[in-house]
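Please read the structure below before turning to the comments.
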Amino acid sequence: YPGSFDPPTNGHADLIRRACSLFGEIIVAVITNPAKEPLFSAEERVQMLRKVIAELRLSARVRVDTFDGLLVDYLKSTRTRVVIRGLRAVSDFEYEFQMALTNRRLYPGMELIYLMPDEKWTYLSSNLVKTIARYRGDISHFVPHSVVAPVRAKLGVHR
């Protein structure tokens, strides 16, 4: 399950839980994308995700890793064929469709499985969480408990 997870949200947690119901083990792969300027470093995102996974009681079934470069190169290096992606709304579809076709061309053996989050998280994104937090809004409804304090600390927001 690759993504930026900047920061991890309840939507991400929902997809991790659902992916674990389909597979014995999953890798949550944090992308270090130089084209983006994330709020959190890759290592900070990994640490937050490990805490989220512990909260979900899935530590034995989920490994958190990082990668840079092409997803297909990471998949090949880890001997992984199946990729889980989330689809929240029609707006995600065009981007995901383009990426799926491109990645399949680069790595014909890969398969993609798209999961829709629970409807209560379909509108949720990491960017929305950061915006709410910047304006001192309550993000506790949108992110796992262990993510609230790191987001507030990073943004210098104290409640």
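The values are calculated or read from the model by the stated rules, or taken from the named source; none is laboratory data. In this text the structure is predicted, and so the values were computed from the model without any measurement. Heads up, the Cβs are rebuilt from the backbone with ideal geometry, glycines too, and the neighbour counts pull from every protein chain shown. Surface areas here come from the heavy atoms of the whole protein model, side chains and all, with no ligands, DNA or RNA. Shrake-Rupley method; radii C 1.70, N 1.55, O 1.52, S 1.80 Å.
Summarise the accessible area of segment 87-159 (1.4 Å probe, protein heavy atoms) by the percent that is carbon and sulfur. Spell out each step's value before the answer.
Values: 2750 of 4860 Å².
Percent of accessible area from carbon and sulfur atoms in segment 87-159: 56.
Could you state, as a whole-number percent, how many of the C-alpha pairs of the chain are farther apart than 26 Å? All intermediate terms of the calculation are to be shown ahead of the outcome.
Numbers: 3014 of 12561 pairs.
Percentage above 26 Å: 24.
Ligands, DNA and RNA excluded, the heavy atoms of residue 65 present near 50 Å² of accessible surface to a 1.4 Å solvent probe.
Give a quick list of GluC sites (Glu not before Pro) in segment 1-95 that DSSP marks as loop, anything other than H, G, I, E or B, with at most 14 other Cβ atoms within 10 Å.
Values: sites: 25, 43, 44, 55, 94; in loops: 25.
Sites meeting the loop and neighbour criteria: 25.
For residue 51, which aspartates and glutamates qualify as cross-link partners when the Cα separation must be under 13 Å and same-chain residues fewer than eight apart are set aside? Result set, ordered by chain and number: 43.
Between the amide H of residue 82 and those of 111, distances stay under 5 Å, these residues lying 5 or more places away or on another chain, with hydrogens modeled in the peptide plane. Give the aspartates and glutamates whose C-alpha is closer than 17 Å to that of residue 120, dropping any in the same chain fewer than 8 places away, or say none. Of all the aspartates and glutamates, those that pass the test against residue 120 - Cα under 17 Å, at least 8 places apart if same chain - are 14, 92, 138.
Rolled with a 1.4 Å probe across the full set of protein chains, the surface gives residue 141 an accessible area near 120 Å². Less than 5 angstrom separates the built amide H of residue 66 from those of 30, all sequence-distant by 5 or more or on a different chain. Taking every DSSP helix (H) stretch of at least 4 residues in the chain, weighting each as -39,500 (n - 2.57) and dividing the sum by the residue count yields a mean residue ellipticity at 222 nm of -14000 deg cm²/dmol. For residue 5, no residue whose modelled amide H falls within less than 5 Å of its own remains once neighbours fewer than 5 places apart on the same chain are excluded.
Would you mind estimating how fast segment 58-138 diffuses translationally, via Stokes-Einstein at 4 °C and 1.567 mPa s with the Kirkwood radius over Cα pairs, in µm²/s? Each step should come with its number before you reach the end.
Working: Rh = 15.0 Å.
Using the Kirkwood radius from Cα pairs, D works out to 86 µm²/s.
In the complete set of protein chains, residue-level accessible area for residue 91 is approximately 100 Å², probe 1.4 angstrom. Given the C-alpha centroids of segment 18-54 and segment 138-155, what is the distance between them in whole angstrom? The two parts, judged by their Cα centres, are 16 Å apart. Per-atom-type breakdown for segment 1-84 gives carbon and sulfur 49% of the accessible area (1.4 Å probe, protein chains only). Using the 1.4 Å probe convention, the accessible area of the chain works out to 58 Å² per residue with neighbouring protein chains retained.
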